[in-house]
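Asker: Below is a structure I'd like to ask you about.
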């Protein structure tokens, strides 16, 4: 060590003294206080951020003294490659530290907790038994989870301000910095940049960061640009703007985005996809990975590492059932070549762009209901019917060996607990070992260090009693740890995991003010029908006219929204009435909703916009239709739409409707009654009104095909859908019975009164 100044020596001495005072003996509690980070800039290198430990200075360069010994270790040396550093650190870690690295657990802020520590910043609530749907065994406070269980990966599912977020992540990293090797914490999150209902596991937060349309809305907007002769630059803008917000706030990992191609319209998670066109989705995912991670070659220091999901494509559902529950545990591929033709290309581009990790889906292949599948001339093995996180043929042979994935494999939440499809006959240590040996490197939403350690112990002490895939070796655990640590090094977390809360607020405020955000909402509006040039409602058309507006949703709780809508239209100069029988124009905003992906509906997920519709039940074990029935409501008041329309038309007036599409809803109970129909995708209502009033000429297009009616998604007594579950809507006609096709050879897509088919890329302008 050369050129160490007296000031630096004293700083390191003080840091070491501080460390001693903050690290308690095992089982002993001590009071911690939040320490403001200190940053040291290198002239031609990274900025070093620290709290309880200092820096090492060598030849005028500064390095984080992660282990606090005052010397420069290989893993502390930012001039070495990420892999060299990771391999060196793994040799210094205990088996408990390595196992802790292989789990990721949901964690909340102290400000939202019943019991908190470190000046109120950290959640210190402890419970002996966790009631998580994912089967997690117990929960400890933040400090014990980091320092005793050695977890370093955490999922945030709350929605604090950027400054609160930055300070919380700083506090978590201060606790991590106290540990012997000073391995930092990495915070993961689902999407935070979409105007959508907060949904566990999809978008747990909305409205704090820059707020764009939903994922389908981004697709509708960008596909409209592509149709007009441009490209999907909007997706690049979105990713780059959002990346800046995440990085400034300290969230360095994203469980996103869904590269799944929607092929079964009844899949409840359709709203989280970019639609049904594999070519567009491939382009979009490539832009997303490059924009968030910061380069086309992988993760950068200022980037946000991504976990693209759900390999090998979650859209191929069996009649819409979701693998969060047992009816949806199968992925059937009834169409020969469907995996290669429709599902794998978006994952291949993610791999080619150096995506940090990929998440396999819970589901398992369904050999008995699948046709032959190949990829680049190699036949795919569908015979091992275990969830994809356990499936070596898919995640090792296909994803790693054939497709070339270099990053790590991140399981979905609960794969060794309640969603261990194909592995439910085995104990949890065996499930953990089987998944890890198949290629999974980190298990999500679990802190079950005990089961992984037991699988490792069996491998050390009783290997002769178990099949090799049922126990863990140190070598496999080391391999997973190297992959996980490479991401942390690439992100610069070992140099500086700390963020300035004030800067986080400023960066997010600037992103929210960017005009491209609101413009994306305007672009996401799709004009589906405009009979007799009903729209736009210009001043001339509205002169002396009275308008009526009503909002509908699936709960019937609409008063507050209706009051706000009326105020918004009054502010835009419209004359309103609360009595539709006196209206010249009716504006009907439809927000249907159907199903939930954590639980099955009594029948197949309903796509009709309906209130009290009688539908067939399904058998809760086999999923086939049965003789009993129940009623479904996707939109309270849906039956009033023809009544309102008839009254307004009797006045010589016009009816305009907008449908918010979170799924490929069938518009047959709305479209025939209206003169103009628009579609949105978690689009700001103001942007929809802009289009209605002519302030914006619509350019958006449908990102997926809307089914014509129940007949085109009917399921027979054997559970087979008349339109194959693994083929996108735009391609289903080639597999439909000839007798169902019209004069244009089309059977599947909805056709409106003006003769337009509501297919991918369809959208009108004024």
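The values are calculated or read from the model by the stated rules, or taken from the named source; none is laboratory data. Treat the numbers as computed from the prediction; the structure is a model and nothing was measured. Ideal geometry is used to build each Cβ from the backbone, glycine not excepted, and the neighbour counts take in all protein chains shown.
A quick yes/no check of all residues on (1) farther than 30 Å from residue 276 by Cα; (2) in a strand (DSSP E or B); (3) modelled with pLDDT under 95:
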residue: 171; (1), (2), (3): yes, no, no
residue: 183; (1), (2), (3): yes, no, no
residue: 188; (1), (2), (3): no, yes, no
residue: 197; (1), (2), (3): no, no, yes
residue: 223; (1), (2), (3): no, no, no
residue: 229; (1), (2), (3): no, no, no
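Asker: Out of 74, 41, 86, 113, I need the residue that is under 25 Å from residue 445 (Cα atoms), free of Cβ contacts under 8 Å to residues at least 60 places away in the same chain and outside the structural domain of residue 493 (by TED's automatic domain parsing). Which one?
Answerer: Result of the check over 74, 41, 86, 113: 113.
Asker: Let me ask something additional. Which of the residues belonging to the stretch 528-551 are touching a helix residue (DSSP H, G or I) at 6+ places or on another chain (Cβ under 7 Å) and under 20 Å from residue 609 (Cβ atoms)?
Answerer: 529, 548, 549, 550, 551, listed by residue number.
Asker: Right, something else. Check off (1) out of contact with any strand residue (DSSP E or B) (no Cβ under 6 Å at 6 or more places or on another chain); (2) part of a loop (DSSP other than H, G, I, E, B) for residue 700 and give me the number that stays unchecked.
Answerer: The one condition residue 700 does not meet is (1).
Asker: Still on this structure, please answer the following. For the condition over 12 Å from residue 287 (Cβ atoms), modelled with pLDDT under 95 and assigned by TED's automatic domain parsing to the domain that holds residue 294, what is the one hit in 204, 247?
Answerer: 204
Asker: Is it the case that residue 362 is touching a strand residue (DSSP E or B) at 6+ places or on another chain (Cβ under 7 Å) and either within 21 Å of residue 106 (Cα to Cα) or outside the structural domain of residue 476 (by TED's automatic domain parsing) (or both)?
Answerer: Yes, satisfied.
Asker: Given the condition under 34 Å from the mean Cα position of the chain (by Cα) and surrounded by 23 or more Cβ atoms within 10 Å (Cβ to Cβ), answer yes or no: does some residue in the stretch 614-635 qualify?
Answerer: Scanning the stretch 614-635 turns up at least one residue that is under 34 Å from the mean Cα position of the chain (by Cα) and surrounded by 23 or more Cβ atoms within 10 Å (Cβ to Cβ).
Asker: Does the stretch 415-435 include one or more residues that are at pLDDT 95 or above and more than 24 Å from residue 324 (Cα to Cα)?
Answerer: Within the stretch 415-435 (the criterion being at pLDDT 95 or above and more than 24 Å from residue 324 (Cα to Cα)), the answer is no, since none of the residues qualifies.
So that you can scan it fast, the table gives a plain yes or no per residue for (1) assigned by TED's automatic domain parsing to the domain that holds residue 668; (2) within 32 Å of the chain's Cα centre (by Cα); (3) under 19 Å from residue 668 (Cβ atoms); (4) surrounded by 19 or more Cβ atoms within 10 Å (Cβ to Cβ):
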{"residue": "724", "(1), (2), (3), (4)": "no, yes, no, yes"}
{"residue": "727", "(1), (2), (3), (4)": "no, yes, no, yes"}
{"residue": "733", "(1), (2), (3), (4)": "no, yes, yes, yes"}
{"residue": "740", "(1), (2), (3), (4)": "no, no, yes, no"}
{"residue": "743", "(1), (2), (3), (4)": "no, no, no, no"}
{"residue": "746", "(1), (2), (3), (4)": "no, no, yes, no"}
{"residue": "758", "(1), (2), (3), (4)": "yes, yes, yes, yes"}
{"residue": "766", "(1), (2), (3), (4)": "yes, no, no, no"}
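Asker: So which strands (runs of 3 or more DSSP E) are wholly in the stretch 532-632 and hold at least 3 residues that are touching a residue at least 40 places away in the same chain (Cβ under 8 Å)?
Answerer: Answer list for the stretch 532-632: 547-553, 585-591.
Asker: Of the residues 695, 645, only one is more than 15 Å from residue 609 (Cα to Cα) and either outside the structural domain of residue 529 (by TED's automatic domain parsing) or not in a loop (DSSP other than H, G, I, E, B) (or both); which?
Answerer: 645
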